[in-house]
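Participant: Below: one structure in structure tokens.
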Amino acid sequence: MVMEQLEVLKALDIAKTQLYHFTAIVIAGMGFFTDAYDLFCISLVTKLLGRIYYTVEGAAKPGNLPPNVAAAVNGVALVGTLVGQLFFGWLGDRIGRKRVYGLTLIIMITCSVASGLSLGSQPKTVMATLCFFRFWLGFGIGGDYPLSATIMSYAVDAKASLPPEADYIWRVIVIFGAIPAALTYYWRMKMPETARYTALVEKNAARAAADMSKILKTDIKAETEMVERLTTKPSNSFGLFSKQFLKRHGLHLLGTTSTWFLLDIAFYSQNLFQKDIFTAIGWIPPSQTMSASGEVYKIARAQTLIALCSTVPGYWFTVAFIDVIGRWTIQMMGFFFMTIFMFAIAFPYKYWSQKENRIGFVILYALTFFFANFGPNSTTFIVPAEIFPARLRSTCHGISAAAGKAGAIVGAFGFLYAAQDQDRTKTAHGYTSGIGVKNSLIMLGVINFIGMMFTFLIPEPKGRSLEEISGENDAHVDEVIHKPRQGNNRSMPV
């Protein structure tokens, strides 16, 4: 059966890349940049916070955050993100992507600045206010996940001996995240609501046609009758908690949530605690041998090197090949090589921790990041924005992303304790003994392997329009949703 499709959606699917698409890419990219920066900058900040507020005068080593404080500071934003993903994902399907996206950005701007201006001079006061504002910062970030994804899919075819400056450094690092969020807000508010939401959810054919006619610089007629007919069909009206959804998309939702959950256990463990892993193998000198600013510089330099040599190239490889070999293949391949390289550094961990072998460790460690980004760290974000119906797309993406943040919370809290040395005398101050870095890395390898298994639940969206992928507007939905088709007709969602 030939699928009915609105002219405005056909125009989107066949439109040549133009200025509007690049604008959307920049807007969504700035949103993603803000999310990543705000969530991961805390790994640098915690080092400074430990030195500033928890240094004991006369102690041999600089201060560290107590375990409960470190867990709270590292994890509270992730909890907020999880809540925000569920709430704003749902809200985006109710009142529109543009309006909700603007709200999330305002929250992010306000809370980024407020986090850096955390009140008080006593440790408990500063940590409490910092955690409060980082929770709400995470809440706003959570909204950016499903909304940026759906918009993007639419656009692609105690200060003691420390100098006062140390306190300013961490505040500036945190506040900086407000800048890209403010720029994103400005440009996003200049764009119209996404056409698929306007036509298929709001059922406003005239506005969808007018918006896209202006953007694509072509005449598109308003097909009011077809919109009414398509949106009132029984096959297009089932809800999230219905038997029809369970039958058509239940396994897909299980696939997107489970793979994102498993990925983020590994990915956030590695990212948030890179500094601890690099210190454990001796790539970064012991903290007592460096000043506060010197330690931050060395950690930032190591993380930047990893990013430039592995994570950034991984993303570009995804850009180059995602419409060639497909999302499913990239995700499966990524999980496979993450498993291989994680085991390669974990089992002979004692060998890699020797000074002459550290460069080999860093190379293999970097490759796990490369295949995370040329793999599931890209595809788990993309696929949920493509395979679910327009009226439920933001909600389903929010659920999938929230599952990812649940994994990130497990990684952030779990790795913090698990990676402590098995010898109680060698653990960081305030921590109990754990299973050690080696066994923690082995566990992450196992988690990556399980993620590879759950990837089998995800369909391949490559080369099909969004309506064809989700089964909207087609009586033979079950056939269409599973049937792979060749081609490079890039879908442009929501």
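Participant: If we keep just the residues of region 237-248 that are in contact with a Phe, Trp or Tyr (Cβ under 6 Å, 6 or more places away or on another chain) and outside any loop (DSSP other than H, G, I, E, B), which is most open to solvent (accessible area, probe 1.4 Å)?
Facilitator: Restricting attention to region 237-248, the residues satisfying the condition of being in contact with a Phe, Trp or Tyr (Cβ under 6 Å, 6 or more places away or on another chain) are 238, 244-245.
From the residues that got through so far, the ones that are outside any loop (DSSP other than H, G, I, E, B) too are 244-245.
Values: 244: 92, 245: 9 Å².
Ranking the candidates gives 244 first.
Participant: Quick test for you: out of 287, 258, pick the one residue that is open to solvent by 10 Å² or more (accessible area, probe 1.4 Å) and in contact with a Phe, Trp or Tyr (Cβ under 8 Å, 6 or more places away or on another chain).
Facilitator: Working: 287 fails: in contact with a Phe, Trp or Tyr (Cβ under 8 Å, 6 or more places away or on another chain).
It is 258.
Participant: Every residue in region 128-152 that is open to solvent by 10 Å² or more (accessible area, probe 1.4 Å) and aliphatic (A, V, I, L, M), please.
Facilitator: Going through region 128-152, the residues open to solvent by 10 Å² or more (accessible area, probe 1.4 Å) turn out to be 128-129, 131-133, 135-136, 139, 145, 152.
Hits for region 128-152 are 128, 152.
Participant: Mind checking which residues of region 384-405 are touching a His at 6+ places or on another chain (Cβ under 9 Å) and of a type outside the set (A, V, I, L, M, F, W, C)?
Facilitator: To start, the set of residues in region 384-405 that are touching a His at 6+ places or on another chain (Cβ under 9 Å) comprises 384-385, 387-389, 392, 396.
Matches in region 384-405: 384, 389.
Participant: With respect to residue 447, is the statement that it is within 22 Å of the chain's Cα centre (by Cα), at pLDDT 85 or above and part of a helix (DSSP H, G or I) true?
Facilitator: On the way: within 22 Å of the chain's Cα centre (by Cα): yes; at pLDDT 85 or above: yes; part of a helix (DSSP H, G or I): yes.
Here the answer is yes, as residue 447 does meet what is asked.
Participant: Restricting attention to region 93-108, which residues are more than 19 Å from the chain's Cα centre (by Cα) and surrounded by 24 or more Cβ atoms within 10 Å (Cβ to Cβ)?
Facilitator: 93
Participant: For region 51-68, enumerate the residues that are buried (at least 22 other Cβ atoms within 10 Å of the Cβ) and either β-branched (Val, Ile, Thr) or within 17 Å of residue 274 (Cα to Cα) (or both).
Facilitator: Passing the criteria: 52, 65.
Participant: In addition: Being surrounded by 16 or more Cβ atoms within 10 Å (Cβ to Cβ) and out of contact with any Pro (no Cβ under 9 Å at 6 or more places or on another chain) is the filter here; which residues of region 211-225 pass it? Working first, answer last.
Facilitator: To start, the set of residues in region 211-225 that are surrounded by 16 or more Cβ atoms within 10 Å (Cβ to Cβ) comprises 211-213, 215-216, 220, 222-223.
213, 216, 220, 222, 223 - these are the residues of region 211-225 that are surrounded by 16 or more Cβ atoms within 10 Å (Cβ to Cβ) and out of contact with any Pro (no Cβ under 9 Å at 6 or more places or on another chain).
Participant: Here is a further query. Could you tell me whether any residue of region 249-264 is modelled with pLDDT of 75 or more, outside the structural domain of residue 380 (by the TED database) and assigned to a helix (DSSP H, G or I)?
Facilitator: Let us first name the residues in region 249-264 that are modelled with pLDDT of 75 or more, namely 249-264.
Keeping just the survivors that are outside the structural domain of residue 380 (by the TED database) gives none.
Scanning region 249-264, I find no residue that is modelled with pLDDT of 75 or more, outside the structural domain of residue 380 (by the TED database) and assigned to a helix (DSSP H, G or I), so the answer is no.
Participant: Next up: Among the residues of region 342-377, count how many are open to solvent by 10 Å² or more (accessible area, probe 1.4 Å), among the small types (Gly, Ala, Ser) and within 21 Å of the chain's Cα centre (by Cα). Show your work before the answer.
Facilitator: From region 342-377, those open to solvent by 10 Å² or more (accessible area, probe 1.4 Å) are 343-344, 347-360, 362-364, 366-367, 370-371, 374, 377; that's our starting set.
Then drop every residue that is not among the small types (Gly, Ala, Ser), which leaves 344, 353, 360, 366.
Checking which are within 21 Å of the chain's Cα centre (by Cα) leaves us with 366.
Result for region 342-377: 1.
Participant: I'd like the full set of residues that are more than 14 Å from the chain's Cα centre (by Cα), β-branched (Val, Ile, Thr) and modelled with pLDDT of 70 or more, limited to region 117-159.
Facilitator: 125, 126, 129
Participant: Can you tell me how many residues in region 184-210 are buried (at least 18 other Cβ atoms within 10 Å of the Cβ) and part of a helix (DSSP H, G or I)?
Facilitator: 13
The values are calculated or read from the model by the stated rules, or taken from the named source; none is laboratory data. Keep in mind it's a predicted model, so treat the numbers as computed, not measured. Note that we place each Cβ from the backbone using ideal geometry, even for glycine, and neighbour counts take in every protein chain shown. Just so you know, the surface numbers come from the protein's heavy atoms only, side chains and all, with ligands and any DNA or RNA stripped out. Shrake-Rupley method; radii C 1.70, N 1.55, O 1.52, S 1.80 Å.
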